[in-house]
Amino acid sequence: MSQFATPALVGILITAALLVITNDWRLSFAALVVQYVLMAALIAQIVLWQVAVVKALVGVLVVGIFSLTGRQANFGRRAGVDLLLSESLRSFVRFEFPTGLPFRFLAAVMTIVAAAYTASQPGFAFPGLPPTLNVASYALLALGLLNLGLTEEPMNAGMGLLTGLMGFELMYAAVEPSLAIVALLAAVNFGVAMATSYLALLRYAATEKEPPG
Amino acid sequence: MAAPILFVALPLAAAPLLYLLRRWRRVGTVLAAGLSLCLTLLALGLPLDQPLALLGGTIIRSSMTVLGRAFEIDPVDRLALAFVFSQAAALFLGAGLHGAGRYYLPAGQAILGLLAAAAFVRPFLFAALFLEIAAALAVFMLGDEARPVTRGALRFLVFMTLGMPFILLTGWLIEGSAASPEDVSFVAKATLLLAAGFAVLLAVAPFHTWLPAVAEHSPPLAAAFVFTVMSFIPLFLLLSFLGAYTWLGQNPAVYRALTVAGGGMALVGALFAFGQRNFRRSMGYAMMVDIGAVLLAIGLGTPAGAEAALGALALRGLALSLWGVSLDQLRRAGGGDDDFDALRGLARRYPFASTALILSLLSLVGFPLTAGFPARWALLRLLTQIHPTGAILLLLGMVSVALVCVRGLGALLAPVESGDEDLELAPRWSEKPSAVVVYSLGVLAVLVLGAFPQWLLPLVARTASVFTGISQ
């Protein structure tokens, strides 16, 4: 699996940065599922391939939970706002990006650079992990925290939390490979996904009660 | 049969049943509270690893293994479980009066099962994972469907999730330390990681922001459940760590850090509570002072300190369940608002709820003649001998919250302004008989336990004595 390590690392950095940059749920869900699969590909270097497959499946199911929530909550868009847009404008604004897009982009790039530098320092590199996994785990942890710092919206915060958890799982897989911990970490992923989905639905219901505009 | 299954699986199995019974609120309440009480009694008295004549000679084992991980019940676990389940029973009973959301009882029961698993798992570092799953479930009870502001529940989940990795990574460092005992860097790193993890899990400032947010934006009983039941296990874990690892339990720097953290919490709580004019936010800051008191008590590094900490924790549930039910009543009467101005004059219509609300806050503060006083008094006496600054900071926090209580009482007793037709036309006394009975029993319990603390303190002392590793 080591020949896929560098492409998987690049992919993980792109998807995690995309989760910071965009706040469109559909793009974020796609990025998150790709991120889970790439994380599983990376982690396969140090654990049994069956465990890696389980981690990928957990990711697919987590994004499934998010997608179901997204369908119920109009993917985070207010129905009233959609009605206000003309047909041509609606096709133009297919995806939503936050107003601070350049700031978010720069912040994501700086975070990745800082994480890569930290992971390459002997005092901070996690022993027993290949360099690609070290960089990936630091970058995921840092970008997850950055995402959490930039949003109070439950769905995006949930994806930030899960990104951070993925970074921790990469790190922790080298330390604790037991099946019980794999199962419990999967339960943690499901728990976070369900809890943030519930909060996203509550928030969506509250915004729908307000008049658009 | 293994006892861990009993304490973990029974509450988890009851959760879906309670969700199905959500339309029959009182049946659900009785079932949830009854199950919690039964488990409290079993935790205290169930004989383990010996034939039970009552069950035809069946032996209930004290340990079991799941996927290579051991789950064991120690004597200290049994006392911790008794604390958690009994406080949960009181909090569940509160839901019978006004309801507390459709997820309150089922999520509460499931959380109890997960907290039991957290207490049993060995090595107990893995308790952090069960705590995190329990935190995710707690979000369902903290989300208020009537007033959906998600900030408190989300912050709670985020902080609980951020605290977990620190505790888990400590295990790796402890193993490293065992493999090469001459390398002290492992122990130093493990201590730092544990400090960071517990600071996040115990809401030590600056990680405290979820406390007032949960208190303000979540249903009062759900917030009380999280403050009481969910907060107990991290503190229990902290005591277990101090007792189990000599490099931690006999490190004076650890106790100094706990004292600083506790004093800081009391001071920050005092500063923020002082200007409050809202009962729910006030409770958030009162909790900060209370957590500060518990940390100061553990920071003393003596069995007497551990006893004072557990005494405060044991009576927190009583005060908070009374606060939850009484505030729920007054909040409804105030049109969903719990600012002092919105509740003006309600003591005339709801005298029992108002008394219960004020007394519960005062008990949490440790006001004389209330249930919270004996443990707080004992702690203050210990602090004045060992850390006088800590005693002053704690006293400051207590006075600040007590002043808020006085202001709240003033608002509740204030005469209704002329022109407020709703209040003027409302009947003079609006409390249901069942509510009056519940508030009266709660108030009586707070006063009686304040007057006769010896009924509860031996159990607290027994629990504290198990943490023998705590000594400077």
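The values are calculated or read from the model by the stated rules, or taken from the named source; none is laboratory data. Just so it is clear, the model here is predicted, and its values are computed rather than measured. Here the Cβ is made from the backbone with ideal geometry for all residues, glycine too, and neighbour counts use every protein chain on show. Please note that ligands, DNA and RNA were not included when accessible areas were found on the heavy atoms of the full protein model with its side chains. Shrake-Rupley method; radii C 1.70, N 1.55, O 1.52, S 1.80 Å.
Yes/no matrix, rows are residues, columns are (1) over 30 Å from B:Gly176 (Cβ atoms); (2) open to solvent by 10 Å² or more (accessible area, probe 1.4 Å):
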position: A:Phe124; (1), (2): no, yes
position: A:Leu143; (1), (2): no, no
position: A:Leu150; (1), (2): yes, yes
position: A:Met166; (1), (2): no, no
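The set of residues from segment B:115-130 being facing chain A (nearest Cβ under 10 Å) and either part of a helix (DSSP H, G or I) or surrounded by 24 or more Cβ atoms within 10 Å (Cβ to Cβ) (or both) comprises B:Ala117, B:Leu125, B:Phe126, B:Ala128, B:Leu129, B:Phe130.
Please determine whether any residue of segment B:266-289 is buried (at least 24 other Cβ atoms within 10 Å of the Cβ), of a type in the set (S, T, N, Q) and closer than 22 Å to B:Ser218 by Cα. The answer is yes, given that some residue of segment B:266-289 is buried (at least 24 other Cβ atoms within 10 Å of the Cβ), of a type in the set (S, T, N, Q) and closer than 22 Å to B:Ser218 by Cα. Checked against the criterion of being among the small types (Gly, Ala, Ser) and in contact (Cβ under 8 Å) with a residue 24 or more places away in the chain, the candidates B:Gly366, B:Gly334 yield just one match: B:Gly366. Assess whether B:Gly108 counts as being away from chain A (no Cβ under 12 Å), under 30 Å from B:Phe7 (Cβ atoms) and open to solvent by less than 10 Å² (accessible area, probe 1.4 Å). It is true that B:Gly108 is away from chain A (no Cβ under 12 Å), under 30 Å from B:Phe7 (Cβ atoms) and open to solvent by less than 10 Å² (accessible area, probe 1.4 Å).
Can you name every residue in segment B:298-307 that is open to solvent by less than 10 Å² (accessible area, probe 1.4 Å) and either part of a helix (DSSP H, G or I) or among the acidic types (Asp, Glu) (or both)? Of everything in segment B:298-307, those that are open to solvent by less than 10 Å² (accessible area, probe 1.4 Å) and either part of a helix (DSSP H, G or I) or among the acidic types (Asp, Glu) (or both) turn out to be B:Ile298, B:Gly299, B:Gly305, B:Ala306.
State whether one or more residues within segment A:1-10 are outside any helix (DSSP H, G or I), open to solvent by 30 Å² or more (accessible area, probe 1.4 Å), without any contact (Cβ under 8 Å) to a residue 60 or more places away in the chain and of a type outside the set (Asp, Glu).
Within segment A:1-10 (the criterion being outside any helix (DSSP H, G or I), open to solvent by 30 Å² or more (accessible area, probe 1.4 Å), without any contact (Cβ under 8 Å) to a residue 60 or more places away in the chain and of a type outside the set (Asp, Glu)), the answer is yes, since at least one residue qualifies.
Out of all the residues in segment B:143-159, which are open to solvent by less than 10 Å² (accessible area, probe 1.4 Å) and more than 9 Å from chain A (Cβ to nearest Cβ)? If the condition is that a residue be open to solvent by less than 10 Å² (accessible area, probe 1.4 Å) and more than 9 Å from chain A (Cβ to nearest Cβ), then B:Gly152, B:Phe156 are the ones that fit. Looking at A:Ala136, A:Ala193, A:Ala174, A:Ala187, just one residue is out of contact with any helix residue (DSSP H, G or I) (no Cβ under 6 Å at 6 or more places or on another chain) and among the small types (Gly, Ala, Ser), and that residue is A:Ala174. In segment B:118-170, which residues are charged (D, E, K, R) and over 21 Å from the mean Cα position of the chain (by Cα)? B:Arg122, B:Glu145, B:Arg147 - these are the residues of segment B:118-170 that are charged (D, E, K, R) and over 21 Å from the mean Cα position of the chain (by Cα). Counting only helices (runs of 4 or more DSSP H) that fall entirely inside segment B:319-412 and contain at least 1 residues that are open to solvent by 10 Å² or more (accessible area, probe 1.4 Å) and within 22 Å of B:Phe274 (Cβ to Cβ), the qualifying elements are B:351-365, B:373-386. If the condition is being over 19 Å from B:Ile174 (Cα atoms) and either of a type in the set (Val, Ile, Thr) or without any contact (Cβ under 8 Å) to a residue 40 or more places away in the chain (or both), then segment B:197-250 contributes B:Val200, B:Val204, B:Pro206, B:Thr209, B:Val214, B:Val226, B:Thr228, B:Val229, B:Ile233.
Restricting B:Ala134, B:Ala89, B:Ala95 to residues that are touching a Gly at 6+ places or on another chain (Cβ under 9 Å), at the interface with chain A (Cβ under 10 Å from one of its Cβ atoms) and assigned to a helix (DSSP H, G or I) narrows the list to B:Ala134. Of all positions in segment B:22-41, none carries a residue that is open to solvent by 70 Å² or more (accessible area, probe 1.4 Å), free of Cβ contacts under 8 Å to residues at least 40 places away in the same chain, part of a strand (DSSP E or B) and farther than 29 Å from A:Leu179 by Cα.
Restricting attention to helices (runs of 4 or more DSSP H) lying wholly within segment B:219-297, give those where 3 or more residues are over 17 Å from the mean Cα position of the chain (by Cα). Before the answer, list the steps.
On the way: elements: B:220-225, B:231-244, B:246-249, B:252-274.
Of the helices (runs of 4 or more DSSP H) lying wholly inside segment B:219-297, those with at least 3 residues that are over 17 Å from the mean Cα position of the chain (by Cα) span B:231-244, B:246-249, B:252-274.
Right, A:Thr111: farther than 23 Å from A:Asn189 by Cα, touching a helix residue (DSSP H, G or I) at 6+ places or on another chain (Cβ under 7 Å) and hydroxyl-bearing (Ser, Thr, Tyr) or not? Yes: the conditions hold for A:Thr111. Within segment B:67-77, one or more residues are part of a strand (DSSP E or B), within 11 Å of chain A (Cβ to nearest Cβ) and surrounded by fewer than 20 Cβ atoms within 10 Å (Cβ to Cβ).
If you go through segment B:183-192 one residue at a time, do you hit one that is open to solvent by less than 10 Å² (accessible area, probe 1.4 Å) and at the interface with chain A (Cβ under 7 Å from one of its Cβ atoms)? Scanning segment B:183-192, I find no residue that is open to solvent by less than 10 Å² (accessible area, probe 1.4 Å) and at the interface with chain A (Cβ under 7 Å from one of its Cβ atoms), so the answer is no.
One residue is enough: does segment B:46-62 have a residue meeting the conditions in a strand (DSSP E or B), open to solvent by 20 Å² or more (accessible area, probe 1.4 Å) and in contact with a Phe, Trp or Tyr (Cβ under 8 Å, 6 or more places away or on another chain)? So that I can check it myself, show each step before the final result.
Quick first cut of segment B:46-62, residues in a strand (DSSP E or B) only: B:51-52, B:58-59, B:61.
Filter once more, so that each one left must be open to solvent by 20 Å² or more (accessible area, probe 1.4 Å): B:51-52, B:58-59, B:61.
Pick out the ones that are also in contact with a Phe, Trp or Tyr (Cβ under 8 Å, 6 or more places away or on another chain) and you get none.
No: zero hits.
Being modelled with pLDDT of 95 or more and either closer than 18 Å to A:Val135 by Cβ or open to solvent by 30 Å² or more (accessible area, probe 1.4 Å) (or both): is that true of A:Val58 here?
Criteria not met by A:Val58.
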